[in-house]
Amino acid sequence: MPIDFGADCRPLFSIESDLIFLNNGSFGAPPHSMLEAQATYRAMAERSPISFFRNKLPKYLREAAGDLGAFIGAAEGTLAFTENATTGINSVVLSVAHSLRPGDILLTTDHVYGAVRQTLNRYAEWTGAKVVEVSVPFPLHDSNEITEVIAAALTSQVKFAVFDHITSPSGIIFPIQDIVNLCRERNIPVLVDGAHAPGMVELNIEHLGADWYVGNCHKWMFAPKGCAFLYTAPERQKETHALITSHGYGKGYAAEFDFTGTKDYSAFLAVRDALKFYRENGGLEKIAAYNRNLARSMRRMLAETWNVAPPAPESAIGSLAALPVPENLPANEETGWALHDELFGLHRIEVPVTFLKGRLWVRISAQIFNESNEYCALAEALPKAIISVQCRL
Ligand SMILES: Cc1ncc(COP(=O)(O)O)c(C=O)c1O
């Protein structure tokens, strides 16, 4: 029986009952049943460790990759599991870094996730390459503005590009097919950071045509934490290596990524249970649609209440949405955290305050356990929290 969404399904999740949790986006929230499924894989590994690691794990991983691939449109042999999006991204950037020369450009945008920025900067320092962040307008009036600024920056000096499918600080869905097409036309290798995409938007990764695509299953797909994937196009697999070198090095893409030493592989195996939960509860048609409708309507309500303009077209909004902080506060990360702490500490609302383009933004998430009254509580609490922070400055 499919579950009812909203407060009725909240008891299926571990989130504290008095917490208004509007930040599924950062780390996700698996239902208890997923943690139980994970525990059965852990128990299996402990019951007969040698046969588990030698015989069962390789087979189970490929079966899990097959199931996941059917959901995201990628052949099983193109998918590798990684603990998180960051590990997948680091594996790709390290693999690419070997061929970089001083003066080469690594291109991304200024909406890039902080850890990805750090990764690019690290390998740029190592190779003498330069990181260029294209400025993507925010507020954004039309998604074409994104492709225009990116197209202008894709020069012959660009040797590698990373673009978000759905951005973290601003919560917008990029026109990723157009962006990948631009890179392909220019023969520029491109990695798509789709950390937020699986379970939020429909995916057909092979059709997209990027060289690499990284996604998290623990954000919007209900998998336990520590379940992400790296897609690598067949023609890139030879040059793409796991961040951790282990027995599989030189034995092919899947062999290299499938075993990276003794660790807990249970979250990878539980992806099949997460897919089952996702399917049984209506799949994209119901889950992604519920979240998208809630995020969009609550964005409209908050914008009206706070008298601010929504900073992106509604068509660019999935289950995440950012709104400008409505009052004059010094805009910096520290004030953002002060506002967050005030909302969390005094109002029991968990919502991130991001800092982008010299402004503070409140980024809401909508997951199946959320419902409108929680955003109404935020609508009331934010002006009070702003006054409290102002008084302390
Ligand atoms: C766009 C984006 N990329 C990468 C990541 C990193 O994900 P993880 O913590 O699973 O490595 C995040 C996390 O929120 C993200 O939003």
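The values are calculated or read from the model by the stated rules, or taken from the named source; none is laboratory data. If you're wondering where the values come from, they're calculated on a predicted model, not measured in any experiment. When we count neighbours, we look across all protein chains shown, and the Cβ atoms used for this are built from the backbone with ideal geometry, even at glycine.
Out of A267, A223, A274, report the one residue that is within 15 Å of the ligand (Cβ to nearest atom), modelled with pLDDT of 95 or more, farther than 25 Å from I173 by Cα and crowded, with 19+ Cβ neighbours inside 10 Å.
Matching residue, one of A267, A223, A274: A267.
Read through the list (1) in the same structural domain as E202 (by TED's automatic domain parsing); (2) within 27 Å of I173 (Cβ to Cβ), then give the number of the only condition that T260 fails.
Of (1) in the same structural domain as E202 (by TED's automatic domain parsing); (2) within 27 Å of I173 (Cβ to Cβ), only one is false for T260: (2).
Report, ordered by the first and then the second residue, all pairs with beta carbons closer than 8 Å, sequence separation of six or more or different chains, a first member in region 1-27 that is touching a residue at least 60 places away in the same chain (Cβ under 8 Å) and within 18 Å of F344 (Cβ to Cβ), and a second member that is among the acidic types (D, E) and assigned to a loop (DSSP other than H, G, I, E, B).
That search, which allows pairs on different chains as well, returns nothing.
Taking the residues in region 16-27 that are within 16 Å of the ligand (Cβ to nearest atom) and in a loop (DSSP other than H, G, I, E, B) as candidates, determine which candidate is surrounded by the fewest Cβ atoms within 10 Å (Cβ to Cβ).
Among them, the one singled out is N23.
State the number of residues belonging to region 28-37 that are more than 21 Å from the chain's Cα centre (by Cα) and either touching a residue at least 12 places away in the same chain (Cβ under 8 Å) or in a loop (DSSP other than H, G, I, E, B) (or both).
So the answer is 3.
Listed residues P198, P169, P139; which is touching a residue at least 40 places away in the same chain (Cβ under 8 Å), farther than 23 Å from G77 by Cα and under 12 Å from the mean Cα position of the chain (by Cα)?
After applying the criteria, what remains is P169.
Just give me the residues in region 66-117 being within 11 Å of the ligand (Cβ to nearest atom) and either assigned to a helix (DSSP H, G or I) or charged (D, E, K, R) (or both), in sequence order.
E83, A85, T86, T87, G88, I89, N90, G114, A115, V116, R117
Of the residues T245, T232, T240, T262, which is buried (at least 24 other Cβ atoms within 10 Å of the Cβ) and more than 16 Å from the ligand (Cβ to nearest atom)?
T232
Among the candidates E239, E235, E285, E304, which residue alone is assigned to a helix (DSSP H, G or I) and under 28 Å from R184 (Cβ atoms)?
None of the others qualify; the one that does is E235.
Considering every residue within region 135-142, establish whether at least one is of a type in the set (S, T, N, Q) and in a helix (DSSP H, G or I).
For region 135-142, residues of a type in the set (S, T, N, Q) and in a helix (DSSP H, G or I): absent.
Go through H218, H207 for me and flag whichever is in a helix (DSSP H, G or I) and either in contact (Cβ under 8 Å) with a residue 40 or more places away in the chain or within 20 Å of the chain's Cα centre (by Cα) (or both).
H207
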